[in-house]
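Notes follow once the structure below has been shown.
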Amino acid sequence: MRNAKVAVPALVLLALAACTSTGSPGPSDTSSTGTSTASSQPSTTLSSPGSPTGPAQSRPTEVPPPQTSAAPLPGGSTEVPDGRVDGATLPDTYKREAWASADGRTVQVVGLAGGCKTASAEVTAQSADQVQITLVTTYHPPAGGGVCTEELRDVPLNVVLDAPLGDRRIVLESREQTG
């Protein structure tokens, strides 16, 4: 009987662990176009005994719209050398990687999304020697006081430049906001 008491919680933890997964994006991820990418699933909140919806019912919370992977880069991709990607101000959770399309006008970077957070990227400045790209994580609070999962996934994001990247340096920055 003592073994059964240990086995049941272990099985519950194993089932919960199987529900979470992480992927590693890269320049070859495919799906629809856009700068906002990732995938999320709706979450639910269990109500407590005595709540208006009853003890065993759940009510869905609003979560951000699902995101899809960034479109493949036109004409294939080339990784931008590490020496030309500056992510010194990025938190450690972000990757300091970038890929350029064959014509150099589209750049793919990696943002973070998951739970109630979506990712996007924007070109915030361009000059003859560098391109500044801001990785934006937007938090969408769940309706009705629901909860969000805590996981974050790497998400490929495409941005379009005014001119080909060429030998310019990429400066990556991040910003968090509430949607």
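Enumerate the amide H contacts of GLY87 below 5 Å, restricted to partners 5 or more residues apart or on another chain; note that Pro and chain-start residues carry no placed amide H.
Close amide H contacts, sequence-distant or interchain: LEU172.
So who's got an amide H within less than 5 Å of the one on GLN130, skipping anything under 5 residues away but keeping other chains? H placed 1.01 Å off N, in plane.
It is ARG169, by chain and number.
Can you list the equivalent-ellipsoid semi-axes of segment 130-179, largest first and in whole Å, using the square root of 5 times each Cα gyration tensor eigenvalue?
On the way: eigenvalues 201, 22, 17 Å².
In descending order, the three semi-axes are 32, 11, 9 Å.
Using modelled amide H (1.01 Å from N, peptide plane; none on Pro or chain starts), what sits under 5 Å from the amide H of ALA98, excluding residues fewer than 5 places away?
VAL80
Bear in mind that the values in this text are calculations on the coordinates, not laboratory data. Note that the coordinates shown come from a computational prediction; the quantities given were computed from them, not determined experimentally.
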